[in-house]
Every structure is written in structure tokens, then in C-alpha cells.
Amino acid sequence: MSEHTPTTVSDEETGHPRRWLILGILTLSLVQVVASVSSMNLALPAIQGSLNASASELVWINAAYALVLAAILLPAGALGDRFGRKGALLIGLGIIVVGALAGASADSASQIVLWRCFMGIGAGLVMPATLSILTTVFPTHERSRAIAIWAGFAGAGGALGLLSAGVLLEFFWWGSIFFVNVPIAVLLFVLVLTVVPTSRDTLGHPLDPVGSVLSAGALGALVFGLIQGPEYGWSHGAIVAAFVAAIVLAVTWVRFENRQDHPMLDPGLFRIPRFGLGSLGIGVAFAVMFGMFFGLAQYMQFVLGYSALETALRTLPFAASMVLIAPNGPKLAARFGVRVVIGGGLLITATGLAGLALLDGSSGYLHLIAGLCMASAGMALAFPAATESIVTSLPQDKAGVASAVNDTTREVGAAVGIALLGSLLTSGYRSSIGDGFDALPRQAADAARDSMGAALHVVASAPEALRPNLMGTARGAFADGYSLAMLVGAVMLVMASAVILRWFPRD
């Protein structure tokens, strides 16, 4: 990876002269990465109808991208530190273009999973580079504001992904969700090439391939167990083995990294309260956010009966709340302390999820949007404060690793959240639907129990007299599954908030 721009990209006191334009380019790059996770949520019903995907395949389609992204963020951040962050960003954008072109023409669920994994590699190179470059082009006195804007759009990207997907699905086929990445990534490639400077780790630390493989293996085993648990049964040998492997690989990774002179990520860093607890806050919040979005798009289409575009438009208040509130986070942190802002933000988010947990098959949009906006407001407070806490905990030469850890906690959270809360949704749906379709032939009843999308197809072909009751049963079962997932998410947030409020250093 060759770079011809100087390592020092800005003056520490004044910053880079085009830093706000650079922030816009970096933020758009980040939004594309985050939006690619949530946009697929909206396309799941269309993909299920076109490719006859099962419930577990739908979870894999969504989780595969976040899983690969999370698995390579740390090594990708280290590569950017070593060889140049601008080069990592450019290569990542190129990979996204190739993966998007191939994914748009996929003709099976397994192919979609494959190309989503490939795009995750590109996203893993892009994401840490954006925050690393940001921290080097802004002077110290402006850095908090820039990080708050970056973090706000990182959260809003989820809702913006839904909006763009809704517009595309209204007029085009599901493959347009992939294809739209092509012109955006090409434009960003040109802007990065011509405007964005580079930086690198001036100390030239060696890479850590063994640590990378161990961490990726631990995460992969964990997500496999969470996603396939409802399919195989939680006590199935393969599921138990996956969880055992995840624990063994994680412990091995910690021990291996502790013996290295230059580890990819020193586990001891998590003993730094601002670093470790900031990571906890980010990870749990993103797990809940993407688990929430995984079920939300399906709930609005399957239960409330909205089209893809109507669903997307009705999620705009989430993005608006995020963008409007996030920039105020640093002011609140300066007044009340980072500990209170992170912990309080998580509690507000938990309140919103508790409201979503009360949804049932007859709940309306006003109930849903109230919980959604409350959750958005809490996340908008927690994200910037937690992000700055992580990034400012390490020296400037480790900007890539700090930003990669920040991004990794987000994407590990996203992958685990989609897997865990998505699996709880599936388990809750199947438990609630029970024998509600037993009046139909066994094959049809079994299909209806697999997923809500399949149930809708079964209802459409059922005798007309049975359709109202069957539809009510299916919608109620899906709402029950989503409520279970949101309740667990709220509990996770409350527990994380309690830990942060107790042990995060007082300012």
C-alpha cells in the first residue's frame, strides 16, 4: 500500500485547513457502512418472497455482513496504522463496489450471504480509517465536536439505510439494495483520493495475524451458536460446541495477546475504566439498536401492513432525533460528566425499548414511534460520549487501534445483537404461534411456524373463512417474539448502565 502524502496531516493547534470537508467525506463513508446493515432489514420480506429464504437464512443474510465487519476491524485498523489509513479506506471502497455488483445479481440466499461477507471485508477497512483520520485532522479543541457529529451519523445511518431502502424497494427489485452502493462508493473513492490526507503509526508496530484469527474465530463461533440455536435447539451438540469453542478461543486470545510485545489489542487496555466501560456502553447499545431494527422493519411490514417505503418514512423520527441530539452530547458531558451522560443515555434507551416490549398484534404506529424516539434520544446521548471516552484513552499513534476498538465494539454488538435478539424473536414467534395453524395440512402448518413471511403465504392460500383468524394468530405471534427481544434488550441496557454509573470515573 503506497502513500505519498505526509504522515503529519494537520497542525495540532489549527487542524487541517479542509477538515470540515474531510469530515463530510468521512461521515458519508461511515453512513454507507452502517446503512448497509439496516437497509437489508427492509429487504428481508422481499428476499424471502423471491428466494424462499428460511428464518435462519434471513438472520444470516443480515448478520453475515456485521459478523465479518466485526471480525476484521481490529486487524484492518492495525493495517491502516502500519501502511496508511487513506490507502485502507480506498481499498475498502473498491471491495464494496465489487461485492455490491455481485450481490445485486445473486439468485439464492446463500449467494447473498457470501457477497454480504465480502462487502463486510471492505467495510472493515473503511470504518476504522474514518475515525482515525478524523482524529488527526482536527485540533484538540474541535475534536470532541467532530467525534460527536461522526457518532451521531453512525447511529443515524441505521435509519437512513432504512429510508434509502424503502425508496429503492418501492420502485426497483430487492437487488437495488446492493446496487445503490456502487455510485456512492465510486464518488467517495474519488473524493478520498483527491481531498483526504493520510496518516500512519510512526512507530511501525508489527502485525498480529495469530491474534486476528483467534478473535475472529471466537466471534464467529458465538454468532453461529446464537443464530442456529432456534433451528437446531439450544441443547443440540453443535450449538453447545459452538459456545464452548467461542469461550475457549476467547480465553486463548486473551492469553496469547498478554504474552505479545506488540499485540493487535492489549486486553489490559480494558482495565482502563474510560476505555473498557466506554466499550461496554457502545457494544451493548449497538447490539440493542441493530437487534431492534432487525425486527422493526418486519414488524411494520408484516404486522402493521406498511409497504417498504411507508416503513422507511415512518422511521425518520429515529434518524432526526439522533442527528439533532447527538451534537449536544459534549455540552451535557461537560456539565454533568461523561459517566452520567453514558449511563443516563442507556437508561433512556432502555425506557424506549420497554415501551416497544409492550407492542402486540393490535398496537398502532403511535405506540411504536414513541418507543422508537425515546430509544433514539438515549442512544444519541450515549454514543458520542462513549466514543470520545474510547478514542481519548490511547495515544495518537494508536488512533487506528482506538478507532478500530470503538468500531469493533459497535459491530460486535451489531452482529451479536442481530443474532441474539433475532433468535429470541424467532423463538418467541414459534412458541407463541403454537398450534394456531393446526387446522391446515401439516406441511402448511410447519411452514407457517418457521417464519412470519412463510405464514403470510400460507394464509393467502388458506380457505377464506380461516384467513382472519390465521392472520391474527401470525401477527400476534410475531409481536410476541419482538416484545420478548425488546424486553431482553432493555434488561441488557439497564445492566450496562448500572455498571457504568457505578465504576466509570467521575470527571
Out of THR426, THR473, which single residue is in contact (Cβ under 8 Å) with a residue 24 or more places away in the chain, among the β-branched types (Val, Ile, Thr) and under 30 Å from SER36 (Cα atoms)?
THR426
PHE172 versus (1) over 16 Å from SER39 (Cβ atoms); (2) free of Cβ contacts under 8 Å to residues at least 12 places away in the same chain: which is the lone unmet condition?
(1)
Residue among LEU219, LEU280 that alone is crowded, with 20+ Cβ neighbours inside 10 Å, assigned by TED's automatic domain parsing to the domain that holds VAL68 and not small (Gly, Ala, Ser)
LEU280
In the list VAL68, VAL59, which residue meets the criterion of being at pLDDT below 80 and surrounded by 24 or more Cβ atoms within 10 Å (Cβ to Cβ)?
VAL59
Expected single match for within 29 Å of TYR65 (Cβ to Cβ), assigned by TED's automatic domain parsing to the domain that holds GLY364, more than 25 Å from the chain's Cα centre (by Cα) and among the small types (Gly, Ala, Ser) among SER431, SER427, SER423 is SER431
Picked from region 378-430 (must be polar (S, T, N, Q) and more than 27 Å from PRO505 (Cβ to Cβ)), the residue modelled with the lowest pLDDT is SER423
Take the residues in region 218-270 that are under 30 Å from ALA385 (Cα atoms), assigned to a helix (DSSP H, G or I) and over 25 Å from the mean Cα position of the chain (by Cα), then tell me which one is modelled with the lowest pLDDT.
GLY268
I need the full set of residues from region 309-325 which are surrounded by fewer than 24 Cβ atoms within 10 Å (Cβ to Cβ) and either of a type in the set (A, V, I, L, M) or not assigned by TED's automatic domain parsing to the domain that holds VAL341 (or both), in order please.
LEU309, LEU313, LEU316, ALA319, ALA320, VAL323, LEU324, ILE325
Against the condition buried (at least 17 other Cβ atoms within 10 Å of the Cβ), free of Cβ contacts under 8 Å to residues at least 60 places away in the same chain and small (Gly, Ala, Ser), how does ALA445 come out, does it pass?
yes
Positions within region 303-324 being under 20 Å from the mean Cα position of the chain (by Cα) and under 21 Å from SER144 (Cβ atoms), in sequence order
SER321, MET322, VAL323
For the condition assigned to a helix (DSSP H, G or I), at pLDDT 80 or above and under 18 Å from LEU187 (Cβ atoms), what is the one hit in ILE133, ILE112?
ILE133
When the residues of region 441-483 are filtered to those that are β-branched (Val, Ile, Thr) and out of contact with any Lys or Arg (no Cβ under 9 Å at 6 or more places or on another chain), which remaining residue is farthest from LEU51 (Cα to Cα)?
THR473
Can you find a residue that is free of Cβ contacts under 8 Å to residues at least 60 places away in the same chain and of a type in the set (Val, Ile, Thr) anywhere in region 253-263?
yes
Checklist (1) out of contact with any helix residue (DSSP H, G or I) (no Cβ under 6 Å at 6 or more places or on another chain); (2) at pLDDT below 85; (3) among the hydrophobic types (A, V, I, L, M, F, W, C); (4) over 30 Å from ARG475 (Cβ atoms) applied to VAL340, failing item
(2)
Given the residues ALA146, ALA154, which is the only one that is at pLDDT 80 or above and within 17 Å of PRO384 (Cβ to Cβ)?
ALA146
Do we find a residue being outside any loop (DSSP other than H, G, I, E, B), over 28 Å from SER451 (Cβ atoms) and more than 19 Å from the chain's Cα centre (by Cα) anywhere in region 280-294?
no
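The values are calculated or read from the model by the stated rules, or taken from the named source; none is laboratory data. Just so it is clear, the model here is predicted, and its values are computed rather than measured. Please note: Cβ atoms are built from the backbone with ideal geometry, for glycine as well, and neighbour counts cover all protein chains shown.
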